[in-house]
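Below is one structure, written out as structure tokens, with a few remarks after it.
The values are calculated or read from the model by the stated rules, or taken from the named source; none is laboratory data. Predicted model only: the values in this text are computed from it and were never measured. FYI the Cβ positions are ideal-geometry reconstructions off the backbone, even for glycines, and counts take in every protein chain you see. The accessibility values were calculated without ligands, DNA or RNA, using every heavy atom of the protein model including side chains. Shrake-Rupley method; radii C 1.70, N 1.55, O 1.52, S 1.80 Å.
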Amino acid sequence: MEQLSLFDDRRTSAPLASRLRPETLEEYVGQKHLLGQGKILRQLIDRDQISSMIFWGPPGVGKTTLARIIAGRTKASFLEFSAVTSGIREIKEVMAQAEQNRRMGIRTLLFTDEIHRFNKAQQDAFLPYVEKGSIILVGATTENPSFEINSALLSRCKVFVLKALEEPDLKELLVHALKSPKGLGMMDVAIEEPHLNAIARFANGDARTALNTLEMAVLNGEMDSRGTIHVDEEVLSQCMNRRSLLYDKNGEEHYNLISALHKSMRNSDPDAAVYWLCRMLDGGEEPLYIARRLIRFASEDVGMADSQALPLAVSVYQACHFLGMPECDVHLTHAVVYLSMAPKSNALYQACEECKKDVRELPAEPVPLQICNAPTGLMKELEYGKGYVYAHDTEEKLSKMKCLPESLEGRRYYRPTREGQERNVKEKLERILAWKEG
């Protein structure tokens, strides 16, 4: 048996995903919530009422392809622009071309990939041309436009959210790739349906990943004497040695996943918490970042209900520092499960937040004289430290001395709960307050 090389035929030198790029809405797969009959974007395209818009969605869902299809349907000149390689000079050159097209009665659809990578000045350069209609701006981004696109530009664009493709959509694409003459249809490929399902799952909603994986599997398949290319489980496993999960350590998904981990632990759901932890680690997250967040959680959400949570979280941070990945994953799992199952109290967090609010909004009151230090004779003459009671000298180890400024007398910040060990703290504090008021 000989190994097939797809590059023996120059017609197949372009990547499979490029050769199969849809050219019409009828060929386009997915995004039925936008492009189904009667849906808003479909109506705008059919009525030729396209205005500037932003496509927001994960990689490989067809943002560029949809922009090309729209340009073809609206009979507009299509210009493609990348924020990665272009600056203000290139923007102005493209705008000049668009302005020339406008004078000739030709509309220009300017597709800008990764528009979130433009800085404020570059984004502002689009504004006058969008406002006077020289261009129809279609921007594509994997990041939340609310955070990454200037409000002035965003207000002039309609945002459409493109969703990750579902497994049936990806399966449809794979079957089409095997049959289409533009794809692998000129070859006799033997691949079982469960293997196609595995590729669709592996792609995680990304059409490009699905097609590239299929192409790689066929490229590495074996051809028998009759010319049939066999893609077996061994070949497929080599092409899918690691699931490529969507994760951007600096972007929205980063914050979504750490939020999911935090809220799962808060909700005492160790299974969900371990899942989100593993998602972050699989996506390449720095384990020390996760460990730092667990230290915060130990005081914010567990606090005095289990005071062992904090030293445990710190110990896990140290373990992660000593070992690193992949060995430290079990230490993080230890902390995540412990914190999930620990009794919960946010009394420390609430005390801190309420006190910070008073510090910001109220006058900066002087320290009461009775708890001021008096290291000099002059300060003693000014009654610094007068009335101070050394608690250790009293039978109760307490005094009725006021420690808050007069304007804040009686203010309560820390309100312990009855959860876990904090129940004991609450009962003790209630006894102390009753004695002081007695």
Query raised in the report: Counting only complete DSSP H runs, which helices of the chain cover 24 Å or more along their long axis at the Cα atoms and score a mean Kyte-Doolittle of -0.5 or above?
Result: none
Query raised in the report: Of the peptides 106-113, 305-312, 131-138, how do they stack up when ordered by the mean number of other Cβ atoms within 10 Å, highest first?
Result: 106-113, 131-138, 305-312
Requested in this report: Could you pull out the pairs from Lys356/Lys380; Lys158/Lys179; Lys75/Lys132; Lys380/Lys402; Lys75/Lys158 whose alpha carbons sit more than 27 Å apart here?
Outcome: Lys356/Lys380; Lys158/Lys179
Requested in this report: Quote the FRET efficiency, to the nearest 0.05, computed for His334 versus Leu429 with a Förster distance R0 of 22 Å and r equal to the Cβ-Cβ distance.
Outcome: 0.10
Requested in this report: Counting only C-alpha contacts under 8 Å and six or more residues apart, can you give the relative contact order of region 26-102 as a whole percent?
Outcome: 20 percent
Report summary line: Regression test value, accessible area per residue of the chain, probe 1.4 Å, units Å², expected 56 Å²
Report task. Can you run the Rg to Rh ratio on region 354-438? Use alpha carbon positions and the Kirkwood inverse-distance Rh. Result -> 1.04
Query raised in the report: Considering only protein heavy atoms, what is the solvent-accessible area of Phe118 at a probe of 1.4 Å, reported in Å² to the nearest 10?
Result: 10 Å²
Query - Heavy atoms of Val425: accessible area, 1.4 Å probe, square angstrom to 10 - result: 40 Å²
Requested in this report: Take Leu170, Leu433 and sort them by solvent-accessible surface of the protein heavy atoms, 1.4 Å probe, largest at the top.
Outcome: Leu433, Leu170
Query raised in the report: Where is the GNM fluctuation largest for the chain (alpha-carbon springs, 10 angstrom cutoff): Leu153, Leu41, Leu382?
Result: Leu382
Query raised in the report: Once the Cα atoms of region 11-153 are picked out, what are the Rg and Dmax in Å?
Result: 15.2, 45
Report summary line: Between Phe322 and Val175, the FRET efficiency computed from the C-beta separation at R0 = 56 Å comes out, to the nearest 0.05, as 0.65
Report summary line: Taking the dipole of the chain about the Cα centre (Lys, Arg +1; Asp, Glu -1; charges at Cβ), the one of Leu154, Leu433, Val337 that reaches farthest to the positive side is Leu154
Query - Estimated 222 nm signal from helices in the chain, with DSSP H stretches of n ≥ 4 weighted -39500 (n - 2.57), rounded to 500 - result: -14000 deg cm²/dmol
Requested in this report: Could I get the Rg over Rh figure for the chain? Both from C-alpha atoms, Rh via Kirkwood, rounded to two places.
Outcome: 1.15
Query raised in the report: Cα centroids of region 70-149 and region 400-438: how far apart, whole angstrom?
Result: 62 Å
Query raised in the report: In region 281-438, how does Rg compare with the Kirkwood Rh, expressed as the Rg/Rh ratio over alpha carbon atoms?
Result: 1.12
Query raised in the report: Tell me, what does the Kirkwood hydrodynamic radius of region 322-400 come to in angstroms if you use every pair of distinct C-alpha atoms?
Result: 18.0 Å
**Report entry** Mean separation of Cα contacts under 8 Å, 6 or more apart, over the residue count of region 124-245: relative contact order %
**Finding:** 21 percent
Report summary line: region 153-245, convex hull of Cα, quarter of hull surface, nm² -> 7.6 nm²
Query raised in the report: Which residue, Asn424, Asn101, Asn373, tops the fluctuation ranking in a GNM of the chain built on C-alpha contacts under 10 Å?
Result: Asn373
Report task. For region 158-209 and region 365-381, write down the distance between their C-alpha centroids in whole Å. Result -> 77 Å
Query raised in the report: Considering only the other residues whose Cβ falls under 12 Å of the Cβ of Ala98, what net charge follows from Lys and Arg at +1 and Asp and Glu at -1?
Result: +3
Query raised in the report: Once region 105-173 is represented by equal point scatterers at the alpha-carbon sites, with solvent omitted, what log10 I(q)/I(0) does the Debye formula produce at q = 0.23, 0.28 Å⁻¹?
Result: -1.01, -1.37
Requested in this report: Could you go through region 389-401 in sequence order and give the Karplus-derived ³J(HN,Hα) for each residue, using 6.51 cos²θ - 1.76 cosθ + 1.60 with θ = phi - 60°, rounded to whole Hz, and x for Gly and Pro?
Outcome: 10, 7, 4, 5, 7, 9, 5, 7, 6, 9, 9, 8, 5
Requested in this report: Just read off the accessible area of Val359 with the full protein assembly in place, 1.4 Å probe, to the nearest 10 Å².
Outcome: 110 Å²
Query raised in the report: What is the distance, in nm, between label points placed 7 Å from the Cα along the Cα-to-Cβ direction at Asp269 and at Lys357?
Result: 2.8 nm
